[in-house]
Amino acid sequence: MTEKFAEFCAEIRYENLSSDVIKRTKLLILDTVGIIIRARHDAESTASLVAAIDRLEMSNGSCQVFSDKNSYSPSAAALLNGTLAHSLDFDDTHAEASLHSSAPILSAALAAAQMNKSSGQELITACVAGYEIQIRLGLAGGSSAHYKKGFHPTATCGVFGAVASAGYLMGLTKDQFVSAFGIALSQSAGSMQFLTDGAWTKRSHVGQAAQNGLNCATMAAEGFKGPSQAFEGQWGYLHAYASGGDFKKALDDLGSKFETLNLGVKPYPSCRYSHAAIDGIIDLKKELDFSIDDLDDIDIGLSETALNIIGYPLEDKQNPKSIVDGQFSMPFCAAVAAKSGGLKWDDYKDHLNNSDTLALCNKIKVNPDKDAEKCCPEFMSAKVKMVVKGKTYEKFVKIPKGEPENFMKDEEFISKFKGLTEPYLSNERVNQLTDLMLKIDQANNVLSLIHISEPTRPERIAYGGVWLKKK
């Protein structure tokens, strides 16, 4: 398996990618860049991370980060872009593998692209290589079993995807890729413990996956040797992390069928498992046109995997204290959707300390649902039962908005990107960056795109969930 993955990464070429894969990857890059720009200024975890990078003397390098006027070492740029890309929990997902792809993979590729003055076409190809490795490894390991061990697959699988994307841009040979994957085996990490207290580590270990993947690829490029069976070996990934795994899911149609096309995007900045229920609540709100005073009860049916992430323990989920708590609380996301008809990033500051919203959270229950369980892990489905003025209404959402079978239109991508970036970039700069990102395959050097993202509006400071304008 390691050798076949390495061969794929060494041989993939832009001219062999289909137009569908190329277009999808460009949209995923646009989507991720918008998230990075907003998180650079608004995520409450950003200031401490930037300060730590500066204290470690990693802020005087040759690499840029989106919407940041400073320069960083390549390793720090990968860490920062990767953490920012995941800090809003607004980034793309693969439903069956239950992981996020662009955050670790694009971020490692951006650093490697700046190191090697790579073109837009090379960046696209690098991302596809990374997506395929990370997703297929996630499919082989099985998401539910991996979660039960306490691992976060975006990060544990992401470091190998980051190796693939960065290594492609460095021109690694097949043998060097084998070593790079072997080196990365000792860097694969990511614990779900953050769920217990709203910690920020879910964000940082995705950034660390990007950083470590870049480092591992660089070490291999310089001749450092890693073990040759990173995935299938006795103590390789699939035995140490996933109790054996399914090699067939990793290798079937590798190079001819692209899991990149099965990545979904998020219309809401919360855990993907909450999205089907949010869709259902929005639809019922439109159909019934109810007010919160009319609402007697909401019961949301979820799969076991979803319940363990966004539903249990229910009392904690009904009383979120932080943005991370809110992002992983089905009751909170449902309450906001019921009140406002949607869920936006700025809703966290508006609702986390809102007594009416928190009171509504306590009306919202979660339960196992056999229909949602049947659809898992292929789809992150949910059933919404709502009692309005004593009458019960029900809606089952099998495929949430943004999944490949229910994908967002180009204009919806652009609208999301503009909504994320307009607080910090002028309208002219937003339009220019949007246009260039959608034509990234025509760029000779990706660094020029990063320069355009430098902030042009007064910055806002995120502190304790309250956004204040900087004087």
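Numerical summary
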| item | result |
| --- | --- |
| Residue within region 170-179 that is crowded, with 24+ Cβ neighbours inside 10 Å, touching an Asp or Glu at 6+ places or on another chain (Cβ under 7 Å), within 17 Å of residue 26 (Cα to Cα) and modelled with pLDDT of 95 or more present | no |
| Residue match in region 285-292 (condition: aliphatic (A, V, I, L, M) and under 24 Å from residue 389 (Cα atoms)) | yes |
| Out of 52, 103, sole residue that is out of contact with any helix residue (DSSP H, G or I) (no Cβ under 7 Å at 6 or more places or on another chain), at pLDDT 95 or above and within 29 Å of residue 150 (Cβ to Cβ) | 52 |
| Subset of region 243-277 [open to solvent by less than 10 Å² (accessible area, probe 1.4 Å) and in contact with a Lys or Arg (Cβ under 9 Å, 6 or more places away or on another chain)] | 250, 260, 263, 264, 265, 266, 269, 272, 275, 276, 277 |
| Options 378, 373, 394: the member that is open to solvent by 40 Å² or more (accessible area, probe 1.4 Å) and assigned to a loop (DSSP other than H, G, I, E, B) | 378 |
| Hits in region 344-363 - residues which are under 23 Å from the mean Cα position of the chain (by Cα) and of a type in the set (Ser, Thr, Tyr) | 348 |
| Conditions (1) over 28 Å from residue 29 (Cβ atoms); (2) surrounded by 24 or more Cβ atoms within 10 Å (Cβ to Cβ); (3) of a type in the set (Val, Ile, Thr); number of the one not met by residue 154 | (1) |
| Options 127, 63: the member that is open to solvent by less than 10 Å² (accessible area, probe 1.4 Å), within 15 Å of the chain's Cα centre (by Cα), hydrophobic (A, V, I, L, M, F, W, C) and farther than 20 Å from residue 268 by Cα | 127 |
| Test for residue 94: is it farther than 18 Å from residue 118 by Cβ, touching a strand residue (DSSP E or B) at 6+ places or on another chain (Cβ under 9 Å) and open to solvent by 10 Å² or more (accessible area, probe 1.4 Å) | no |
| Residue 149 within 27 Å of residue 326 (Cα to Cα), in contact (Cβ under 8 Å) with a residue 40 or more places away in the chain and surrounded by fewer than 22 Cβ atoms within 10 Å (Cβ to Cβ) | yes |
| Selection within region 291-317 - crowded, with 18+ Cβ neighbours inside 10 Å and in a loop (DSSP other than H, G, I, E, B) | 303 |
| For residue 320: the one exception among (1) surrounded by 24 or more Cβ atoms within 10 Å (Cβ to Cβ); (2) in a strand (DSSP E or B) | (2) |
| Helices (runs of 4 or more DSSP H) within region 204-290 that include 2 or more residues closer than 25 Å to residue 368 by Cα | 275-288 |
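The values are calculated or read from the model by the stated rules, or taken from the named source; none is laboratory data. Just so you know, these numbers come straight off a predicted model, no measurement behind them. No Cβ is skipped: glycine too gets one built from the backbone with ideal geometry, and neighbour counts run over all protein chains shown. For accessibility, only protein heavy atoms count, side chains too; no ligands or nucleic acids. Shrake-Rupley method; radii C 1.70, N 1.55, O 1.52, S 1.80 Å.
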